[in-house]
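Participant: Let me begin by handing over the structure; questions about it come next.
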């Protein structure tokens, strides 16, 4: 009997689902959770130590609170919020067209937006540098054609926002296309038949029903911008310092792995908290069409 | 029967069993060790990883060579600390790291003095043996080979700021209110800290008082607040200088200015101050040292590679490899010097190299780097643009 109980306890191990998930789970544990745990553990090691065999301490977190790292967190958060809002405004009409209006041209538009992703982000941003540079493509063209100068655009916060919007546009757009395509045309027709104006249809039918796509695109972009670095460096001339830059500096020039780890933990916690809050409002099952 | 005996499943089972048995008796490690006779992994600043340098070595030694470019000295040393001594055979970083950190921490190992000191005899006079940075602190062990070097202070557009004025003013140029918004800051953080010390009239490589560290912090703020742009990309910085976006950049030298100069922008020039707080000197010179990593499973080709790069034709290739162009210590020999064209010598500012070396001290470790870095990074975050 004891043997039978033992067998039934271990029955779940023979479940094909568990067995099939085992390799991926082990891989995730080693490749994903492992490094995260290491970062977490390092964040409690004394400043500038290179091993985990030390007495744990909170000194890195205390020093982060006392120093001006709040500025980097603020700028990263501000950029993330601004870029997400701008991308919603830019992407909604494009996504609407792709989902409902462009018909056979939608594939071409998708390709045109997706192809640049295949080119390195740094190269694309450097292309923008050549455009915005003093005496560069934009400034030079305006000067020769209209005698107007457009210098002073590079190395500014708006240049960073431009770069972020440009780089992360597809990450907002494509989930939005899915979200909008989920809105049944019949509902809009019904609303129209019942006397709703175009604005009312948008506000009370289309927007709420496309919200899951909007949220997924927004969250994805928000998290990516929060951890972004290249745009502020290449286009912004570091007019502001993003938190990812502080983390990189801590791990390299400062040779302070524990502080870099503590900053990483705080960034992960911040992203996790925001994503958790937002996901409570999104029904993933609906997004992928299970219900 | 025979067919059954060598079925696919049977073959896999047998292979698995024999592999496990071989591993158990330690055969596999020997196989792996044997494989490293013709294998070499190089971690280096750009140049040593170029195919122009490596392909002839691969061919001559029938070697499988893997090379990766590094982006900062501390980052490279940290990778060795994190266990990558098992990966790399050769490491190429700036002078103080070998003697002050990597050798004491057991990350690199000495090379044969008998084999390599004759090469030091052929180098430029400043590098004759025993060369301080190539030796351990006791002066007994040879820790690597020097090759590329260069003065590194700041860069100006001489059409906007004359060379004489820049050399006379030194780093004080960047504290002049008239320069606000007219210069960039190349974010080679460790170099910036040293140069900000010089701007604050402090010797960067000595122990500092609290007052000196506070003064450094003030100067760091002033220089960050006056900078138009910050970037770690020397190409972007040169481009900004050529296009007139800025007139100078803080932290730079032959290494960063030479690509622009070889492209014809002769008005872009690395400047070494005529004077400063380092026993009267105002500039710093870096010297790369290429060392053998203390790899537990070492490559037999590591020292062969160090000897290979001393050859005149290879020395020239290293000096003018892709990316940046730099003088090499081997230019002390006419066999090497004769390989450079007039344009190439002009790109690396050969005309002023001796004077710049005289006005510079060697790159070293700053004992208060950690404390100064905190002030430096705060000034960067709190920069008012």
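Participant: Of all the helices (runs of 4 or more DSSP H) wholly in region A:131-229, which have at least 2 residues that are more than 14 Å from chain B (Cβ to nearest Cβ), out of contact with any strand residue (DSSP E or B) (no Cβ under 6 Å at 6 or more places or on another chain) and without any contact (Cβ under 8 Å) to a residue 40 or more places away in the chain?
Facilitator: Here the list reads A:137-146, A:185-193, A:198-201.
Participant: Of all residues being within 21 Å of the chain's Cα centre (by Cα) and either within 11 Å of chain B (Cβ to nearest Cβ) or closer than 22 Å to residue B:365 by Cβ (or both) in region A:246-262, which is modelled with the lowest pLDDT? Just the residue, please.
Facilitator: A:248
Participant: Do we find that residue A:217 is crowded, with 23+ Cβ neighbours inside 10 Å and more than 14 Å from the chain's Cα centre (by Cα) in this structure?
Facilitator: No; evaluated as a whole, the condition is false for this residue.
Participant: How many residues are in contact (Cβ under 8 Å) with a residue 60 or more places away in the chain and surrounded by fewer than 16 Cβ atoms within 10 Å (Cβ to Cβ) when one looks only at region A:88-112?
Facilitator: Counting residues in region A:88-112 that are in contact (Cβ under 8 Å) with a residue 60 or more places away in the chain and surrounded by fewer than 16 Cβ atoms within 10 Å (Cβ to Cβ) gives 1.
Participant: Just need a number here: residues in region B:375-385 that are part of a helix (DSSP H, G or I) and either at the interface with chain A (Cβ under 7 Å from one of its Cβ atoms) or farther than 30 Å from residue B:99 by Cα (or both).
Facilitator: Selection size over region B:375-385: 5.
Participant: Another question, then. Surrounded by fewer than 23 Cβ atoms within 10 Å (Cβ to Cβ), in contact (Cβ under 8 Å) with a residue 40 or more places away in the chain and assigned to a strand (DSSP E or B): is that true of residue B:285 in this structure?
Facilitator: No; evaluated as a whole, the condition is false for this residue.
Participant: Looking only at residues in region B:329-357 that are more than 23 Å from residue B:290 (Cα to Cα) and in contact (Cβ under 8 Å) with a residue 60 or more places away in the chain, which one is surrounded by the most Cβ atoms within 10 Å (Cβ to Cβ)?
Facilitator: B:347
Participant: Residue check: is residue A:13 surrounded by 10 or more Cβ atoms within 10 Å (Cβ to Cβ) and either in a helix (DSSP H, G or I) or at pLDDT below 90 (or both)? Please lay out each step first, then the result.
Facilitator: Numbers: surrounded by 10 or more Cβ atoms within 10 Å (Cβ to Cβ): no; either in a helix (DSSP H, G or I) or at pLDDT below 90 (or both): yes.
In short, no.
Participant: Under the condition of being assigned to a helix (DSSP H, G or I) and either modelled with pLDDT of 95 or more or touching a helix residue (DSSP H, G or I) at 6+ places or on another chain (Cβ under 6 Å) (or both), which residue from region A:231-243 is nearest to the other protein chains (Cβ to nearest Cβ)? Lay out the reasoning, then the answer.
Facilitator: So in region A:231-243, the residues assigned to a helix (DSSP H, G or I) come out as A:231-234, A:243.
Then keep just the ones that are either modelled with pLDDT of 95 or more or touching a helix residue (DSSP H, G or I) at 6+ places or on another chain (Cβ under 6 Å) (or both); that gives A:231-232, A:234, A:243.
Values: A:231: 12, A:232: 9, A:234: 7, A:243: 10 Å.
This residue is A:234.
Participant: Given the conditions (1) surrounded by fewer than 24 Cβ atoms within 10 Å (Cβ to Cβ); (2) in a strand (DSSP E or B); (3) within 12 Å of chain A (Cβ to nearest Cβ), which single one is not true for residue B:292?
Facilitator: (3)
Participant: Turning to a different aspect of this structure: Please return the ranges of helices (runs of 4 or more DSSP H) entirely within region B:80-199 where 1 or more residues are crowded, with 21+ Cβ neighbours inside 10 Å and within 14 Å of another protein chain (Cβ to nearest Cβ). Step through it out loud before you land on a result.
Facilitator: Working: elements: B:113-121, B:163-169, B:189-199.
Filter on region B:80-199 gives B:189-199.
Participant: Look at residue B:238 and say whether it is farther than 30 Å from residue B:113 by Cβ, modelled with pLDDT under 95 and within 14 Å of chain A (Cβ to nearest Cβ).
Facilitator: Considered against the rule, which asks whether it is farther than 30 Å from residue B:113 by Cβ, modelled with pLDDT under 95 and within 14 Å of chain A (Cβ to nearest Cβ), residue B:238 comes out as no.
Participant: Another question about this same structure. Taking region B:358-374, which residues are surrounded by 17 or more Cβ atoms within 10 Å (Cβ to Cβ) and part of a loop (DSSP other than H, G, I, E, B)?
Facilitator: B:359, B:363, B:364, B:366, B:368
Participant: Tally up the residues in region A:55-87 that are part of a loop (DSSP other than H, G, I, E, B) and either within 14 Å of chain B (Cβ to nearest Cβ) or surrounded by 14 or more Cβ atoms within 10 Å (Cβ to Cβ) (or both), please.
Facilitator: 3
The values are calculated or read from the model by the stated rules, or taken from the named source; none is laboratory data. What you see is a predicted model; the values in this text were computed from it and never measured. For neighbour counting, all protein chains shown are included, and Cβ atoms are generated from backbone atoms with ideal geometry for every residue, glycine included.
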